[in-house]
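Asks: Below is a structure I'd like to ask you about.
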Amino acid sequence: MPTSNSPLENDLPVQAAQRTIVPAAHDHDHDHAYDDHEHAFDAVEALRIGAVALAAIAVWFQWWEPWPRFSVIGIAGLAIGGWPIFKEALENLLARRMTMELSMTIAIIAAAAISEFFTALVITLFVLVAEVLEGMTVSRGRKAIRDLLDFLPREVSVRRGGTISEVHSDTLAVGETVLVNPGGRIPVDGQVVAGHSFVDQARITGESMPVEKTAGTDVYAGSINQSGALEIVATRVGRDTSYGKIIEAVEEAERSRAPVQRLADRLAGYLVYFALAAAVLTYLITHDIRATISVIIVAGACGIAAGTPLAILGAIGRAARNGAIIKGGLYLEQLGRVDTVVLDKTGTLTYGEPEVQSLMLAPGITTEEALHWIASAELRSEHPLGKMLVRYARAQGVTPIEPDAFRYIPGLGITATVTGDSILVGNESLLRNEWVVLPEDVQRKQPEAAKVWMARNGQWIGTALVVDTIRSEARHALQTLHAMGLRTVLLTGDVKTVADAVGAQLGIDTVVAEVLPDAKLAYIEQLVALKATVAMVGDGINDAPALMKAQVGVAMGSGTDIARESADVVLLGNDLSKFAQTLQLARRTRGIIWQNFTGTIVVDLLGIALAAAGLLNPLFAAFIHVASELTFILNSARLLPVAERKTIANALQPTEEHA
């Protein structure tokens, strides 16, 4: 395998590509890195495999055997085909690493020593073919990550000195004007200064529908311009863009090392030691060199040594494509063990934007009249509720007019004069302070909704019921979480009536309301102390301490910078269903890794027992070794994105040309 002078132990693709095994007693840096380019079935490998295959055929048919116990063709074939195996085995031996290459070298040399040249050549052929197929599979894992980088354009049209020129994206600077044609990919974060188009920014914000862009609107690197041409002034370039931050997070995750990988390395090392010990014991008891060779050959640990990082790499790449950035293999592993999900309300389960649910009007008052008075009174208001009421009225076709007088009363509401009428808009206390009689049935109705009371000339005219709408995908996401057997908790600073209503609508198991940030943190600490594995989902500054305390902190992509920095997983956009999908993916990843662990141990123990009993010849032992190894690696490859799996399937077809 290719080598590198720099240690890359924490690089997932390197770990997946390596066949070296960390020894049980000591830790050493891996220095066998995998080429950054896509693994290719190149001419040298093809010639080497072809030469070994021809040599095996020649030995089997005894085409030219001048000496009875010494095969010239067999020795030549082993020298040509075994060279990369012997070389890596020697390097690992000098580095005090016990590897499968070393055990295979022992088996090949032992077979040749007893004149089993055909057996030695077939073992060599199996190992060479296995390494090629393994390399092709693992390289696709890295390609799943590299595709994120390749998505941004290399060449960019930029306006410089009054002319438009094509430049490399690395030379762009903040403040320059970039031109993006229809169908082009936006290379920078910036603001549109000219043009009109619709932009697909699902990779950044998670929005499923294209977003209209005109002069003054913001755009993000990694978005796709769909219709019209746009001129964009760059505000952030390169690694500072939103897309750059996503790539940075994925690359950091790619370099991380999950605890289960260390377990895989130790287990693989133990299996090699066990196989060699079993071989020695077999020879001492049976004095059967063929059975001893079979014991060495049949044990394989590469399925877990390479398959484990490949599974994690594939899952991180798939999650990124699905809109969830997992910041490391550790968090992916912890996600697979989560049994309790704690959710913030505002911005996570709800949109965080209050909307008018309904109007309750006094007898004789029409909806148009009520909206005219309320919108006109609130026209000068800077309060979010006031602005929302004005927007709502306009959406209903009502045009507000400028009030004659306006006064804001903090904590209560506003008073205004509209065409000579005195208008009050605010909470219950405002109207009671002005001696307005309020209907009791309205006060009792929907306690979970905020109420905006309205009065005209001292008479109640209506009440707007305002709610924070539950996200459309939240209900399905919660159903998925419950189907997975997870306990759900709503942890919010909102009032209990509102929290209970949201919890009831979504079927949340436990509702904890009216808690401040320090109380949220204390609640998470309590769950952790009770041995729960907690994932906390939030989006605000007040969620940051709890996000950091939970085993896995999950931030909504539209949340605050502090929340995103504190989180271990970031959801692009605001789609909670992506979190449910990521949990399912994490569980599936954990299941596949343990399938590989269990399968490898069972196959190795059964194979060693059969080989020691003389029931497996070296050829069949080699077949079992290679077949089981590739089975477990391809089992991990199931986690790669669909397009990558199709490419792997094509790569494994013998008639395909690999380039």
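Asks: When residues of region 329-352 are filtered for being of a type outside the set (A, V, I, L, M) and out of contact with any Asp or Glu (no Cβ under 7 Å at 6 or more places or on another chain), how many remain?
Replies: 7
Asks: Looking only at region 615-644, filter to residues that are buried (at least 18 other Cβ atoms within 10 Å of the Cβ) and among the charged types (D, E, K, R); which one of those is modelled with the lowest pLDDT?
Replies: E644
Asks: Is it the case, given these coordinates, that T177 is in contact with a Lys or Arg (Cβ under 7 Å, 6 or more places away or on another chain), at pLDDT below 80 and surrounded by 15 or more Cβ atoms within 10 Å (Cβ to Cβ)?
Replies: no
Asks: Then there is this: For Y408, only one of the following conditions fails: (1) part of a helix (DSSP H, G or I); (2) open to solvent by 40 Å² or more (accessible area, probe 1.4 Å); (3) under 21 Å from P354 (Cβ atoms). What is its number?
Replies: In the conditions (1) part of a helix (DSSP H, G or I); (2) open to solvent by 40 Å² or more (accessible area, probe 1.4 Å); (3) under 21 Å from P354 (Cβ atoms), Y408 misses (1) alone.
Asks: Is there a residue in region 27-43 that is over 23 Å from V626 (Cβ atoms), at pLDDT below 80 and open to solvent by less than 40 Å² (accessible area, probe 1.4 Å)?
Replies: Yes.
Asks: Output the residues belonging to region 418-443 that are within 14 Å of T463 (Cβ to Cβ), loosely packed, with under 12 Cβ neighbours inside 10 Å and in contact (Cβ under 8 Å) with a residue 12 or more places away in the chain.
Replies: V437
Asks: Can you pull out every residue in region 226-285 that is acidic (D, E), open to solvent by 60 Å² or more (accessible area, probe 1.4 Å) and either within 30 Å of A299 (Cβ to Cβ) or modelled with pLDDT under 75 (or both)?
Replies: E248, E252, listed by residue number.
Asks: Now for a separate question. Just the residues that are in a strand (DSSP E or B), more than 16 Å from P354 (Cβ to Cβ) and open to solvent by 20 Å² or more (accessible area, probe 1.4 Å), please, taken from region 446-486.
Replies: Result: R456, Q459, W460.
Asks: Same structure, new question: In region 380-403, which residues are assigned to a loop (DSSP other than H, G, I, E, B) and modelled with pLDDT under 90?
Replies: If the condition is that a residue be assigned to a loop (DSSP other than H, G, I, E, B) and modelled with pLDDT under 90, then R380, S381, E382, H383 are the ones that fit.
Asks: So E382 fits all but one of (1) within 38 Å of the chain's Cα centre (by Cα); (2) open to solvent by 10 Å² or more (accessible area, probe 1.4 Å); (3) within 30 Å of K520 (Cβ to Cβ); what number is the exception?
Replies: Unmet condition: (1).
Asks: Of the conditions (1) loosely packed, with under 14 Cβ neighbours inside 10 Å; (2) among the hydroxyl-bearing types (S, T, Y); (3) touching a Ser or Thr at 6+ places or on another chain (Cβ under 8 Å); (4) at pLDDT below 90, T510 satisfies every one except a single condition; which number is it?
Replies: Of the numbered conditions (1) loosely packed, with under 14 Cβ neighbours inside 10 Å; (2) among the hydroxyl-bearing types (S, T, Y); (3) touching a Ser or Thr at 6+ places or on another chain (Cβ under 8 Å); (4) at pLDDT below 90, the odd one out for T510 is (4).
Asks: To continue, here is another question. Given (1) open to solvent by 80 Å² or more (accessible area, probe 1.4 Å); (2) in a helix (DSSP H, G or I); (3) at pLDDT below 50, where does A649 come up short, assuming only one miss?
Replies: (1)
Asks: Within region 427-445, how many residues are in a helix (DSSP H, G or I) and more than 23 Å from S376 (Cα to Cα)?
Replies: 5
Asks: Could you tell me how many of the residues in region 385-405 are more than 20 Å from A449 (Cβ to Cβ), β-branched (V, I, T) and surrounded by 14 or more Cβ atoms within 10 Å (Cβ to Cβ)?
Replies: 1
Asks: Could you grab me the full set of residues in region 164-174 that are over 18 Å from G222 (Cα atoms) and open to solvent by less than 80 Å² (accessible area, probe 1.4 Å)?
Replies: Of everything in region 164-174, just one residue is over 18 Å from G222 (Cα atoms) and open to solvent by less than 80 Å² (accessible area, probe 1.4 Å), namely S165.
Asks: Looking at this structure, is Q505 closer than 20 Å to P354 by Cβ and either open to solvent by 50 Å² or more (accessible area, probe 1.4 Å) or out of contact with any helix residue (DSSP H, G or I) (no Cβ under 9 Å at 6 or more places or on another chain) (or both)?
Replies: On the way: closer than 20 Å to P354 by Cβ: yes; either open to solvent by 50 Å² or more (accessible area, probe 1.4 Å) or out of contact with any helix residue (DSSP H, G or I) (no Cβ under 9 Å at 6 or more places or on another chain) (or both): yes.
Spelling it out, Q505 is indeed closer than 20 Å to P354 by Cβ and either open to solvent by 50 Å² or more (accessible area, probe 1.4 Å) or out of contact with any helix residue (DSSP H, G or I) (no Cβ under 9 Å at 6 or more places or on another chain) (or both).
One line per residue, one yes/no per condition, for (1) at pLDDT below 85; (2) closer than 19 Å to L571 by Cα; (3) under 30 Å from the mean Cα position of the chain (by Cα); (4) buried (at least 24 other Cβ atoms within 10 Å of the Cβ):
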| position | (1), (2), (3), (4) |
| --- | --- |
| H287 | no, no, no, no |
| G307 | yes, no, yes, yes |
| L313 | yes, yes, yes, yes |
| I325 | yes, yes, yes, yes |
| L332 | no, yes, yes, yes |
| V341 | no, yes, yes, yes |
| T346 | yes, yes, yes, no |
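Asks: Answer with yes or no whether L490 is surrounded by 20 or more Cβ atoms within 10 Å (Cβ to Cβ) and either modelled with pLDDT of 85 or more or out of contact with any strand residue (DSSP E or B) (no Cβ under 8 Å at 6 or more places or on another chain) (or both).
Replies: In short, yes.
Asks: Filter region 180-209 for residues that are within 23 Å of the chain's Cα centre (by Cα) and either modelled with pLDDT under 85 or open to solvent by 70 Å² or more (accessible area, probe 1.4 Å) (or both) and give the result.
Replies: Once the filter is applied, which keeps residues that are within 23 Å of the chain's Cα centre (by Cα) and either modelled with pLDDT under 85 or open to solvent by 70 Å² or more (accessible area, probe 1.4 Å) (or both), region 180-209 yields R185, D200, Q201, A202, R203, I204, T205, G206, E207, S208, M209.
Asks: For T415, indicate whether it is out of contact with any Phe, Trp or Tyr (no Cβ under 7 Å at 6 or more places or on another chain), of a type in the set (S, T, N, Q), surrounded by fewer than 17 Cβ atoms within 10 Å (Cβ to Cβ) and modelled with pLDDT of 90 or more.
Replies: no
Asks: Now for a different question. Checking A609 against (1) over 21 Å from T480 (Cα atoms); (2) modelled with pLDDT of 80 or more; (3) open to solvent by less than 50 Å² (accessible area, probe 1.4 Å), which single condition isn't satisfied?
Replies: (3)
Asks: Follow-up question, since we're still on this one. What number of residues within region 582-606 satisfy the criterion of being closer than 28 Å to V341 by Cβ, open to solvent by less than 20 Å² (accessible area, probe 1.4 Å) and of a type outside the set (S, T, Y)?
Replies: 7
The values are calculated or read from the model by the stated rules, or taken from the named source; none is laboratory data. Worth saying up front: this structure is predicted, and the values here are computed from it rather than measured. Note: ideal-geometry Cβ built from the backbone for every residue, glycine included; neighbour counts use all protein chains shown. Note: accessible area is taken over every heavy atom of the protein model, side chains too, but ligands, DNA and RNA are not part of it. Shrake-Rupley method; radii C 1.70, N 1.55, O 1.52, S 1.80 Å.
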